[in-house]
Structure formats: structure tokens, C-alpha cells
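First up is the structure itself, then whatever we jot down about it.
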Amino acid sequence: MTHLASIHRYRKAVMSERNGITLPASFNNEASAHGALRESILLADYSHFGLLEVSGEDRFDFLDRVVAGDLAYIREEQALYSLILDNEGYIITDIYVLCDDERYLLLSEWFTGKGLADLLGHYMKSGESVILKTRNRENGVLLVEGPYSWELMAEIFGIDVIGLPYMEFMPVEGGLLFRGGKHGEFSYKLIMEVAVLADVWKQLQEHGERYDIEVSGLDFQIAARLENPCWNPMILGKVTRCPIELQMQWAVRYDKDEFVGRDALKRRLEEGVKRRVVGFCCEESIVDVRVGSRVFHGDRIIGEVAVVGYSAFRQAVIGQAIIDNSYAYAGLGGYTIESEDEKVAISTVPVPFIGNFSFLVNPSEHSYVDPSRPKSFLDQVERQPAGEEAEI
């Protein structure tokens, strides 16, 4: 059970389980929560995240051998997003690695801290000086995400938040504030001591009222990750776990001397894969397309739908399909997907599917709550006197 269980019960949350932790799936506000994610601020309990501390003299060599990314690229208070692969080069989980003084802190969305410890323990060599310590009893995780989440964070934790680069973190009273996310908006994870977690949650709600903050369960991820796809073992992982087919090679460093699964993955890359995941958009706004529906080029079957849904922000049915490699390029038309009654025309498109609003918000110039400042570059242009050009 999450450390915030009593708060969630009071708000009549619909609960579900992730990684063995019972926490909110929904507060029956999916539409408004998605709107807050894209236009203001969303708050969610992320206590399902596994937390594992890795310390000891051999911590760098050990982790760099396990993680497919290159740990040499990060220094203290910086983070790396990467993958942990099996010996055959298939994804076990994605992972955040935070470099913090004499330790690394690992965050996993799909494993508990104990599960991570058990997984990493299999790769430890005899005699290595590495200590694995789970942190889920001591800490919980909160997500604060949206185009104006930086402004709320700065209001509560200080102005330094505004200058915090992506994939870096800073100490705050009672924990760490980490800037990093998967949905294309300003995103912060608060890794807080259990003793202060409820107080921080209430503080975020109270201060967040004037930002039109929405509290959400994990179901907000359905629409968010349809528009901004990312690794999900329960969706794309059922179709393929190969980083090449998933077009996730950016999270892998082939030039490293060693990492688990490297040789198998590199061999697969040299041989070439037969299919890849690509985004698509239906040319009709209301269609009956489902996961597993076949994709055609003319009369030839070239693949199948892996994930599909309606995007209110795109105002279209979008998704991802895994199709034959020679057809798996963005910007192509002439493909169709079978539906219940007929074939539906689609075009392949690059992902993410939307232009995230956070790219139009500059913390040094814009504000959600200060009426003297424009809210975004769009508002800035509208405020500009006729005949003058806004500096963008």
C-alpha cells in the first residue's frame, strides 16, 4: 500500500496495483487530468517506482557493466536514462540512474526496489565491492508534471528549480527533486522521506490550486503515452522487447566495451531486423481499429497494430504498429488497417504525435499565475502591439 493511502481513500480514489503496491488508478477525472498534464500541472502518486541505492568501491564498474547506457557521461547530481537487457539483448526494464555523491540511486517504473536488487544481484561478480540497498521503505515518489510545474516547484522549493537542467536533480528538504519525465512536458519527481511525504503532497495541492492543478491516478498515462510513446512492458513489450525494433537504440551505447546483452544486440543490428515499430495516424477521426489489427500495403499484410487510441489534442485516432522493416518509415501514405467493416487509410508519422505545450513556455519570461507576464510564446505574440514582432 502507498504511504498516502489514507489521503487517497478520503478522495475516493479507484485503486489498483502496480509492482505489488496499491495506489490510485483514477479519481474519475481522466479528461481533466490529461488537460492539466498538457496545459497546467498534474500531481500523481508514483510510489510504485522501485528505489535502489548502489554503493561500494566497485559501484561504477558494476553498474556500467549492467546498464546499456554509458555511466561515464554523468557526474554528481546528474542522471541517465537507459535500459537493462538480458543476455540475448532484449529489454528487461528501462531505468533512471542518478549519480549522488558516493552512491547511485536507481529508479524503475516496473520493478520494486527489492526486485531491482534481485535482478542486479545476478550480474554481480565474486569479490566485487558493491552494496545494494532498497529505499522504498524510507522513501516515496511524487510526480509533478505539466507546462507550469516548474513554477509551482520554484514557489515551494526555491528559485534554483527554474535553472535545473533536464536529467539533473537537486537536494531539497526531506529528499531529492529530479527533473526528468516521459510525456514531453516539464516534469519533476520528488523522492521524499516517508515522514514528510503526506505534508509535501498537501503542500503541493494547496499551492497548486491557483495553477489549476489536477490530482490523478496512473490511468492518465494511457492518453499521455499514446501521444508520447515510451517503453511499456504491458503494451509494446507484448509485441517486441528488442531495442532495435522499438527504435530505442538512443538509450544504448554500442561503443562501450561491455554491457549485458551487448554482443547479441550488436549481432542483431549487423544482421538487420525484419520489422520495426512506427507511428501512424488514421485519416478518419472515428474508426474501429484495435490492437492486433493487420496493416496492409495494397493487398500485402505488412504488420499489425501494437497500440491505438483517440488523441483529443491531435483530434485523431493514432497509434503504433510493428511492420516490415522496408515499410517502417515516417511520412508515408498508402497504407491501410483492417477494421470491423472495411480497411481504414493511415499515414505513418513521427513520434511524439503532438507538439508539447511546454516547448512554448519559457520560465524566464512566462507565468501561469502572474498576469503581468504572458503565459506562453503564443500569448506573448497576441500581446505584441500591431506592427511589432515578438522576440521568440
Check: So which strands (runs of 3 or more DSSP E) stay within the range 165-224 end to end and still have 1 or more residues that are without any contact (Cβ under 8 Å) to a residue 40 or more places away in the chain and within 18 Å of Leu107 (Cβ to Cβ)?
Finding: 168-172, 175-179
Item checked: Candidate set: the range 276-303, residues that are loosely packed, with under 13 Cβ neighbours inside 10 Å and small (Gly, Ala, Ser); chosen: the one farthest from Asp324 (Cα to Cα) -> Ser285
Item checked: Those residues of the range 104-133 which are part of a strand (DSSP E or B) and surrounded by fewer than 19 Cβ atoms within 10 Å (Cβ to Cβ), in sequence order -> Ile131, Lys133
Check: Is there a residue being more than 30 Å from Ile354 (Cα to Cα) and more than 18 Å from the chain's Cα centre (by Cα) anywhere in the range 139-153?
Finding: yes
Check: Residue check, Val144 against (1) closer than 30 Å to Val308 by Cβ; (2) surrounded by fewer than 21 Cβ atoms within 10 Å (Cβ to Cβ); (3) assigned by TED's automatic domain parsing to the domain that holds Leu42, all met but one. Which one?
Finding: (2)
Note to self: Out of the residues in the range 287-315 meeting the condition of being in contact (Cβ under 8 Å) with a residue 12 or more places away in the chain and among the basic types (Lys, Arg), tell me which one is nearest to His34 (Cα to Cα).
What the structure shows: Arg314
Notebook entry, point to check: Which ranges mark the helices (runs of 4 or more DSSP H) fully within the range 1-83 that have 2 or more residues being among the aromatic types (Phe, Trp, Tyr)?
Noted result: 59-66
Check: Here are Lys189, Lys202: which of them is buried (at least 22 other Cβ atoms within 10 Å of the Cβ) and either of a type outside the set (Lys, Arg) or more than 25 Å from Ala312 (Cβ to Cβ) (or both)?
Finding: Lys189
Margin query: Of everything in the range 233-254, what is in a loop (DSSP other than H, G, I, E, B) and either in the same structural domain as Val307 (by TED's automatic domain parsing) or free of Cβ contacts under 8 Å to residues at least 40 places away in the same chain (or both)? Give them in sequence order.
Written below: Met234, Ile244, Gln247, Tyr254
Check: Before we move on, is Gly69 more than 30 Å from Gln205 (Cβ to Cβ) and surrounded by 17 or more Cβ atoms within 10 Å (Cβ to Cβ)?
Finding: yes
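The values are calculated or read from the model by the stated rules, or taken from the named source; none is laboratory data. This one's a predicted model, so the numbers in the text were calculated from it and none came from an experiment. Glycine also receives a Cβ, built like all others from the backbone with ideal geometry; neighbour counts cover every protein chain displayed.
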